Amino acid sequence: MTVIEDLSLEIKKGEFVTLLGPSGCGKTTILRMIGGFEKPTSGEHLLDGKDISALPPNERPINTVFQKYALFPHLNVYDNIAFGLKLKGMDKKTQDEKVKKVLEMVDLEGFEKRSISTLSGGQQQRIAIARAIVNEPEVLLLDESLSALDYKMRKEMQIELKEMHRKLGITFIFVTHDQEEALTMSDKVVVMSDGDIQQVGTPEDIYNEPANLFVADFIGASNIFKGKMVGEKQVEFGGAVFTCVDDYAVDTVIDAVVRPEDVEIMGLGSGQEKSKAQLEGEVIACDFKGIFYVTAVKTDKAEIEVHNLKSFKSGDWVGLYIAPDSIHIIPYDTSINHYEGVLESYHAGLGFQIRFEDFTLDHVAPQRIFAGAVETPEDTVDRDNLFDADGQKIEWEGRKVVASFKPEDAVLSDDAEAGFVAGEIFNFIFMDDYYRYRVRSESEEDYIVNDAYLWNHGDHVSVNVPPKKFVFEVKD
Amino acid sequence: MKYAFSRKQLAIPYAVFLVLFVILPLFVVLSYAFTNGDGQISFRNFVAFFGSSKTVGTLLYSVVIAVITTCLCLLIAYPTAYILAKTKMKSGDALLMLFVLPMWINFTLRITALKEILTLLEGNLALHPFLNTIVGMVYDFLPFMILPLYNALAKLDDSYREAAQDLGASKRHVFLRVILPLSVPGIVSGVTMVLLPSMTNYVVLDMVYNSTYIMGSLIGSYFSSYDWHNGSVISIILLVIIGIITVISNRFTEGESDGKVSVLR
């Protein structure tokens with residue numbers, strides 16, 4: 001199975017790059033390809049302009065810190081670290097010096113003779129890093145290297161790794177599913193989902209200007225609203241019109257992303273507050289999270305999450321204000337739910353049958369595909385011929401057609417037979433008052449459906465779209 | 001007083017068995033070995049054993065048979081176990097079953113079948129007694145070598161191999177410096193399971209008409225002529241050999257906190 005398809009990524013020398021994504025998004029596969037443990041079926045892997053795709057791991061100037069460290073249990077700390085040096089045929093004295101130096105660097109001086117099984121998780125982690133960097137690689141790969149450590153130790157190692165990166169000046173490629181870790185440590189973050197790069201940028205870029213809804217939802221907490229542009233830098237969503245800084249043509253359908261900490265929340269005691277509030281709603285929950293409060297406010301059209309220092313009680317009637325530069329607008333992706341099929345057959349009175357990879361549509365009126373098409377009466381000899389408005393015969397056989405539908409026109413069902421295609425939910429995002437689901441069929445086609453009900457990741461569902469809601473377009 | 005059941009009581013049947021059939025007989029054997037016919041303590045039996053070229057020859061012959069058998073088993077079993085362990089498919093278990101299956105068949109039946117095959121190949125079995133003995137021994141003990149090796153190799157995490165490669169090791173170095181040392185516990189337990197039994201398994205020799213004695217045959221012949229003293233001496237000598245090998249193999253597996261495959265601990 002292809003995990004990664006068509007991916008291109010450039011990493012500069014000396015950068016600290018993090019591949020970030022949920023489990024199963026292909027980030028580890030990329031790391032393994034860079035390390036040489038997995039061979040790409042096609043494409044190249046260039047290092048300093050040289051193609052190293054064909055080189056086995058032992059011939060690449062790259063070292064890896066494995067997820068579970070993979071320290072050799074039959075060797076002591078010294079022999080583990082010197083493993084690579086010995087293979088290079090380095091003399092004992094240089095080995096001793098290098099091991100000593102690198103142990104100092106990871107703060108484990110004098111640990112040479114210790115056996116691996118006597119080390120704590122954090123110490124093993126450091127030895128694994130030492131074993132890799134002692135070889136002075138050009139690139140250091142870290143595969144979820146901190147995920148086995150407890151919270152405090154992880155925080156500490158994050159700082160130390162960053163410090164090590166600064167001292168060594170080599171390229172670090174770090175893989176993690178922890179977005180906070182990625183934002184804290186990296187120069188550049190590569191957000192991945194499902195074998196594709198969603199966005200590449202600095203931590204600030206990724207957080208403040210998410211390229212799409214996946215990134216907005218995955219990085220930090222987000223309020224995502226569906227809306228449209230109603231004027232110059234005027235956007236409507238959640239039942240109110242807001243001023244924003246992004247400009248798109250009027251009537252463009254958009255998704256608006258607002259970070260919970262950017263929503264101002266206020267009581268409605270004074271007239272000043274009343275006039276500032278753009279939205280009003282009822283507090284339905286307010287939880288203390290250590291430094292801030294998480295308040296959920298229900299307006300008549302949406303549910304909004306707010307992070308700040310103010311505490312409210314459930315049932316309080318509050319006002320909300322969102323500053324123009326806190327609204328991030330992502331134009332609605334209109335290319336979704338497009339599927340290519342072939343015109344299979346046509347009979348007057350019965351319409352077209354169109355075959356797609358996952359499903360077949362029957363009884364499609366010819367006018368929905370060829371505008372102005374004229375059908376031959378059913379009782380004539382050439383009843384299966386179709387003519388355009390000028391009386392020319394339409395050659396439809398074998399032609400390709402793209403069918404599309406809007407996510408809001410589709411509904412999900414747990415009955416596999418109910419819809420036109422069945423699949424598994426592999427991702428969903430909570431929008432202002434519904435969920436946006438991505439359903440993947442067995443042939444790996446994705447179907448995007450807006451549904452008000454809460455389904456779970458991995459649920460087997462079928463997608464149901466009323467036949468009238470499909471839009472067709474002939475491909476030339 | 002209420003009767004309270006504790007888990008320790010489950011060990012009682014085994015403890016009784018241990019005392020009656022292991023510890024007590026061991027003392028009987030010891031007392032026979034170190035006494036003469038009149039019941040006096042004596043080392044005469046040992047002196048006799050090591051003084052006679054015939055008995056020392058038997059010991060040497062047993063050791064030669066056992067060492068060759070063990071080496072051949074190891075040579076055949078290691079690559080087999082390695083391939084089986086690396087086969088990530090479900091067929092790996094089926095293949096392993098093929099190698100272990102002979103253990104389910106009665107030993108006499110197996111060796112008789114082997115005898116027939118060898119007769120078919122060689123005509124007269126008496127022409128190659130030594131070779132036939134080795135073939136019979138290897139055939140008999142191979143599964144006992146494969147199983148512990150397979151267990152040790154299958155347990156080896158792939159990440160060790162990858163880590164070694166990552167640090168610059170070629171395929172040969174990965175094997176010599178990582179896989180081989182990490183499979184030592186398997187080798188040790190395989191060797192202990194083959195080496196000692198093959199010193200005493202005289203049924204194989206009988207079956208292939210090898211009239212030379214090994215340690216097992218010697219014990220058998222002494223005991224069948226009611227010579228308990230000399231038979232016990234040989235048992236004690238074998239016991240000492242077992243002891244030495246166990247100590248050596250424990251030395252090997254020490255520090256392998258999670259690699260305990262050894263059965264003789």
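The values are calculated or read from the model by the stated rules, or taken from the named source; none is laboratory data. Worth saying up front: this structure is predicted, and the values here are computed from it rather than measured. Heads up, the Cβs are rebuilt from the backbone with ideal geometry, glycines too, and the neighbour counts pull from every protein chain shown. What goes into the accessible areas is simple: the full protein's heavy atoms, side chains included, and nothing from ligands, DNA or RNA. Shrake-Rupley method; radii C 1.70, N 1.55, O 1.52, S 1.80 Å.
Can you work out the base-10 log of I(q)/I(0) for region B:99-185 at q = 0.11, 0.24 1/Å, using the Debye formula on its C-alpha atoms alone? Result of the Debye calculation: -0.52, -1.10. Can you give the helix-only mean residue ellipticity at 222 nm for chain A, where every DSSP H stretch with n ≥ 4 adds -39500 (n - 2.57) and the sum goes over all residues, rounded to the nearest 500 deg cm²/dmol? One gets -5500 deg cm²/dmol as the mean residue ellipticity at 222 nm. Reducing region B:164-186 and region A:61-108 to their Cα centroids gives an inter-centroid distance of 15 Å. Each DSSP beta bridge with both residues in the protein assembly as shown is either parallel or antiparallel, and the antiparallel ones are about 85%.
Ordering B:S249, A:I206, A:G372 by the projection of their Cα atoms onto the charge dipole of the protein assembly as shown, which places +1 on the Cβ of Lys and Arg and -1 on the Cβ of Asp and Glu, puts B:S249 at the extreme positive end.
Find, among the GluC sites (Glu not before Pro) in region A:165-270, those assigned to loop by DSSP (not H, G, I, E, B) with at most 15 other beta-carbon atoms within 10 angstrom.
When the GluC sites (Glu not before Pro) of region A:165-270 are filtered for loop state and at most 15 Cβ neighbours within 10 Å, A:E232 remain.
What translational D, rounded to a whole number of µm²/s, comes out for region B:173-254 from Stokes-Einstein when the hydrodynamic radius is the Kirkwood one over Cα pairs, at 4 °C and 1.567 mPa s?
87 µm²/s
Distant-in-sequence amide contacts of A:M192, defined by a placed amide H-H separation under 5 Å and a gap of 5 or more residues or a different chain, comprise A:L20, A:G21, A:Q198.
Here the simple spin-label model places points 7 Å from the Cα toward Cβ, and for B:S52 and A:K274 these points are separated by 12.0 nm.
Rounded to the nearest 20 debye, the dipole size of region B:55-253 about its Cα centre is 540 debye, using +1 on the Cβ of Lys and Arg and -1 on the Cβ of Asp and Glu. Simple rule: put +1 on each Lys or Arg Cβ and -1 on each Asp or Glu Cβ in region B:81-148, find the dipole, and look at B:P129, B:T119, B:Y82; the Cα lying farthest toward the positive end is B:Y82.
Could you work out the mean projected area of the convex hull around the alpha carbons of region A:209-262, in square nanometres to one decimal?
Values: hull surface 14.5 nm².
Averaging across all directions leaves 3.6 nm² for the Cα convex hull.
Mean separation of Cα pairs under 8 Å and 6 or more residues apart, divided by the residue count, gives region A:1-105 a relative contact order of 14 percent.
When you filter the trypsin sites (Lys or Arg not before Pro) in region A:278-372 for DSSP loop state and at most 15 other Cβ atoms inside 10 Å of their Cβ, you are left with A:K289, A:K301, A:K310, A:K313.
Taking amide H atoms as placed 1.01 Å from N in the peptide plane, the amide H of A:V421 lies under 5 Å from those of A:V463, each 5 or more residues away in sequence or on another chain. Of all DSSP-defined beta bridges confined to region A:16-214, some 30% are antiparallel rather than parallel.
Against the main long axis of the alpha-carbon atoms of chain B, helix B:228-253 sits at an angle near 20°. Within 10 Å of the Cβ of each residue in A:65-77, the mean number of Cβ atoms contributed by other protein chains is 5.
The trypsin sites (Lys or Arg not before Pro) found in region A:417-476 that occupy coil by DSSP, while having at most 10 further C-beta atoms within 10 Å, are A:K475. Normalised by residue number, the volume inside the convex hull of the Cα atoms of region B:42-102 is 115 Å³ per residue. Taking the Cα centre of region A:221-331 as reference, the dipole from Cβ charges on Lys and Arg (+1) and Asp and Glu (-1) amounts to some 240 debye.
Computed from Cα atoms alone, the Kirkwood hydrodynamic radius reported for region A:221-331 is 14.2 Å. Taking amide hydrogens as placed 1.01 Å from N in the peptide plane, the amide H of A:T252 sits under 5 Å from those of A:M229, each at least 5 positions away in sequence or on another chain. When only Cα pairs below 8 angstrom with a gap of at least 6 residues are kept, chain A shows a relative contact order of 11 percent. Region A:176-198 and region A:281-347 have Cα centres separated by 23 Å. Mind scanning A:K86/A:K167; A:K92/A:K113; A:K27/B:K86 and naming the pairs with a C-alpha gap bigger than 19 Å? Too far apart for the 19 Å limit: A:K86/A:K167; A:K27/B:K86.
The ratio of the alpha-carbon radius of gyration of region A:338-474 to the globular-protein estimate 2.2 N^0.38 Å is 1.23.
Extents of the protein assembly as shown, taken as max minus min of Cα coordinates on every principal axis and listed largest first, are 119, 79, 77 Å. Chain A and chain B together bury an accessible surface of about 1800 square angstrom, both sides counted, with a 1.4 Å probe and no ligands or nucleic acids included.
Semi-axes of the equivalent ellipsoid for region B:55-253, computed as √(5λ) from the eigenvalues of its C-alpha gyration tensor and ordered from largest down, come to 35, 22, 14 Å.
Bridgeable aspartates and glutamates around A:K406 (alpha carbons under 16 Å apart, same-chain partners fewer than 8 residues away excluded): A:D255, A:D333, A:E340, A:E445, A:D446, A:D451, A:E473.
Mean sequence separation of contacting Cα pairs (under 8 Å, at least six apart), scaled by the length of chain B, corresponds to a relative contact order of 28 percent. Ellipticity at 222 nm from helices only: DSSP H runs of n ≥ 4 in chain B, each -39500 (n - 2.57), divided by the residue count, give -22000 deg cm²/dmol.
Computed 3J(HN,Hα) for region B:105-110, one whole-Hz value per residue from the Karplus formula 6.51 cos²θ - 1.76 cosθ + 1.60 where θ = phi - 60°, is 8, 3, 4, 4, 4, 4, glycine and proline marked x. The magnitude of the dipole of the protein assembly as shown, with charges of +1 and -1 set on the Cβ of Lys/Arg and Asp/Glu and taken from the Cα centre, is near 5580 debye.
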